[in-house]
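Just so it is clear, none of the values below were taken in a lab; they were calculated from the coordinates. Just so we're clear, the structure is a prediction, and the values are computed from it rather than from any experiment. So basically every Cβ, Gly included, is an ideal-geometry build from the backbone, and we count neighbours across all protein chains shown.
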Amino acid sequence: MAVIIGKEMAMIIGKDLTLTQSPRSVEIGAYDWFDIDFAGTQVGKSRCRIEPDRLTVLSIMIYPEYERKGFATAVVDHFKQERECIVADRVRFTARGFWTKVGFAPESEDKYVWHR
């Protein structure tokens, strides 16, 4: 379910878990930014690029005190419901296991891809 708040769009993606998309703007790098909130507290952010044929994830950053609680996986699962193709671009060495675990296949050393 999506709710529009001003120029932002909030989506409930799990129990007490909300993803709020900010409008794209040049001031913040012409990316699509998502705030990740759990029970009213911001627990992370995601920086993406929404394109007609795919969603490119450039980063999912969960704040350290909220890591390993399934928030990043929930965000990726939500993106999978919305898109046919997702590309994780600029994947760090330390994040490769995460992207493999959530069903992505390596396309190159720092690019992982998922297709429905």
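The figures follow:
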quantity	calculated
Note, ³J(HN,Hα) from phi for the stretch 12-22, Karplus 6.51, -1.76, 1.60, rounded to Hz, x at Gly and Pro	7, 10, x, 4, 6, 10, 10, 10, 10, 8, 8
Pairs of lysine residues in the stretch 2-115 - Cα separation under 21 Å, sequence separation of 8 or more or cross-chain	13
GNM flexibility winner over the chain from Arg49, Arg68, Arg96 (Cα, springs under 10 Å)	Arg68
For Tyr63, Tyr31, order by how many other beta-carbon atoms lie within 10 Å, fewest first	Tyr63, Tyr31
Fluctuation leader among Arg92, Arg24, Arg83 - the chain, Gaussian network, Cα springs under 10 angstrom	Arg92
Gaussian network model of the chain, springs between alpha carbon atoms under 10 Å - residue of Gly44, Gly14, Gly70 with greatest fluctuation	Gly70
For the chain, calculated [θ]222 nm from helices alone, where every DSSP H run of n ≥ 4 adds -39500 (n - 2.57)	-4500 deg cm²/dmol
HN-Hα J in Hz across the stretch 67-79 - Karplus 6.51, -1.76, 1.60, θ = phi - 60°, x for Gly and Pro	5, 6, 10, x, 5, 5, 5, 4, 5, 4, 4, 5, 4
Per-residue ³J(HN,Hα) for the stretch 45-55, Karplus 6.51 cos²θ - 1.76 cosθ + 1.60, θ = phi - 60°, Hz, x for Gly and Pro	9, 9, 10, 9, 9, 8, 10, x, 9, 6, 10
Computed over the stretch 2-115: relative contact order in percent, which uses C-alpha pairs under 8 Å that are six or more apart	15 percent
Zero-based 5 Å bins, Cα pair distances in the stretch 2-115, whole percents	2, 11, 22, 25, 21, 13, 4, 1
